[in-house]
Amino acid sequence: MAAIQSSWSSLGVGSGLDLETLVQGLMRVEQKPLDALKQKLSSYNTRISAMGTLTSQLSALQTAAQGMKPSALQSALDKFGTYTGKVGNESVAGATIGSGAQSGSYTLEVTQLALAQKTRIDGDDITIGGQIDFTFADSSKDFSVTPSGSSLASVANAINQAGKGVTASIINGGVDGPQLVLTGEEGAANAFGVGGAGITGQSAVDVSASQDAKLKIDGIEVNSASNSVKGVIEGVTLELKSVNAGSPTTLSVTAAYDDKIKTALEGFVKSFNEVIGNIKTLGSYDSETQKAGTLNGHRVLRETQSELRGLVFQAGTTLDKDGESMMLSKLGITFQKDGKLELDSSKLAKAIGDDPATVANFVAEIGRRFDTGVNKLAGIGGTVQSASDSLKASVSSLEKRQTALEDRLASVEARYRKQFSALDVLVSSMNSTSSSLASQLTSIARSTQ
């Protein structure tokens, strides 16, 4: 419309009439339906934005719920348990706890530590540059090195760089001269032999022989190629330090559930309350200012709040010791007057202390329940998304109407300007004729005097 207006910027110049103001006034009247439509569009877009915020908060609640669910191969107790291991005599062994551990107490007796073979060879018995062969009971581990240097250090470097399970070091200053010391890995299976053209003498001496660790757990004999014993007790790694044959010690694996369960429920309550708080704001109405929330009166708020409350009050399939269905209130989670949840940490701690398995299973059930329930609200085809999609469809329709109205108004303005331009020309012509007649009459009057 601006282009049309600029092309008629001289409207009214010929007639002296303020035709431009008249056209603008007429267009303001014509544009009222468009202004109303734009206001409606703005309102719909604001609602869509509010729906997006609500969806984001529901997604956060769903994420919190998913964090309460154990994985497919994990029990609820495993998910929420924090396990610690302690050996009564810490000089015998240490214990590290990992996934899959279970609470329990065991006797531990270490009768033999795993050792690595250590072999010493006189430096004079080594031919620099000759091939040195290492052989094992498992021939697939055999390897050879041919040092390229001209010193005993080059031999040690070649062995170390091979990275085949044997390391080399040099001891100088002994009465027998420089010694090459070879060290294998722990365990009887890692015993090795050394020979080849690079070894010319017979001075190779085994300082220590390789051997497996031997221990008894609850009287059951166990062999380990390493002093780091893994998997004998599921989820427990023992680091053997010394022998205690004949004097068994204890290994205790204990579990605590309070921290992880409390953290999970605190995150759940926080996310739930954020959704409820936003629903309250979006649906509010201030009688003093007469201002309503963005989604005041919209069904999606009522349906969302009703669904969430129903999920909270729903009786669990998990049963307590008395055979009664678990409820969130039994974990210290209750509704407040404002519709939000509150967690009583003391009541939760007592519930966990009384029956950790039941609490863990019920928390996992709540996670599954809310994951599914919230997805029905905020997921594809859910209540909130459907409402948002409906608004977006309305916006699309209104935008098409807006374009049509703008085109119509441009046509109306062009018509007005064309009509008033013709009027301007006509009035200007009439004014000119009037002036001419007046001038002629004045001349006639003067000639008759």
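FYI, it's all coordinate maths here, none of it is from the lab. None of these values were measured; they are calculated from a predicted model. Cβ coordinates were reconstructed from backbone atoms using ideal geometry, including for glycine residues, and neighbour counts include every protein chain displayed.
How far is helix 345-354 tilted off the main Cα axis of the chain, in degrees rounded to 10, range 0 to 90? Tilt of helix 345-354: around 40 degrees.
Listed from fewest to most Cβ neighbours within 10 Å, the set VAL205, VAL29, VAL145, VAL363 follows the order VAL29, VAL205, VAL145, VAL363.
The distance between label points at LYS141 and PHE335 comes to 6.8 nm (points 7 Å beyond Cα on the Cα→Cβ vector). GNM remark for the chain: springs join alpha carbons under 10 Å apart, and the peak mean-square fluctuation among ALA245, ALA378, ALA93 falls on ALA245.
So how do PHE192, PHE80 line up by other beta-carbon neighbours within 10 Å, fewest first?
Least crowded to most crowded, the residues run PHE192, PHE80.
For the chain, the mean residue ellipticity at 222 nm estimated from helices alone is -16000 deg cm²/dmol, where every DSSP H run of n ≥ 4 contributes -39500 (n - 2.57) and the total is divided by all residues, rounded to the nearest 500.
Does the chain classify as rounded, prolate or oblate by the C-alpha gyration tensor (a ≥ b ≥ c root eigenvalues; a/c under 1.5 gives rounded; else a/b over b/c gives prolate, otherwise oblate)?
Note, shape of the chain comes out oblate.
Taking 0.36 nm per residue of sequence separation and removing the Cα-Cα distance, the LEU441/ASN296 pair yields an extension gain of 44.6 nm. Between ALA209 and ALA256, the modelled label-to-label distance comes to 4.7 nm, taking each label 7 Å out from Cα in the direction of the beta carbon. Highest GNM mean-square fluctuation among VAL155, VAL243, VAL300, for the chain modelled with Cα contacts below 10 Å: VAL155. Multiplying the residue separation of LEU34 and LEU73 by 0.36 nm and removing their Cα-Cα distance gives an extension gain of 8.0 nm.
In a Gaussian network model over the chain where Cα atoms closer than 10 Å are linked, find which of ILE48, ILE261, ILE220 has the largest mean-square fluctuation. Most flexible of the set in this elastic network: ILE220. Shown for THR318, THR289, THR254: other C-beta atoms within 10 Å of each C-beta, ranked fewest to most, produce the order THR289, THR254, THR318.
Fully extending the segment from ILE170 to THR107 would add 18.5 nm, taking 0.36 nm per residue of separation and subtracting the current Cα-Cα distance.
Each label point was placed 7 Å from the Cα along the Cα-to-Cβ direction; for MET430 and ALA162 their separation is 11.9 nm. Couplings for segment 381-395, taken from phi via the Karplus curve 6.51 cos²θ - 1.76 cosθ + 1.60 with θ = phi - 60°, read x, x, 4, 5, 5, 4, 5, 5, 5, 5, 5, 5, 5, 5, 4 Hz in order; Gly and Pro are left as x. With a cut-off of 11 Å between beta carbons, the residues surrounding GLY382 carry a summed charge of -2, where Lys and Arg count +1 and Asp and Glu -1.
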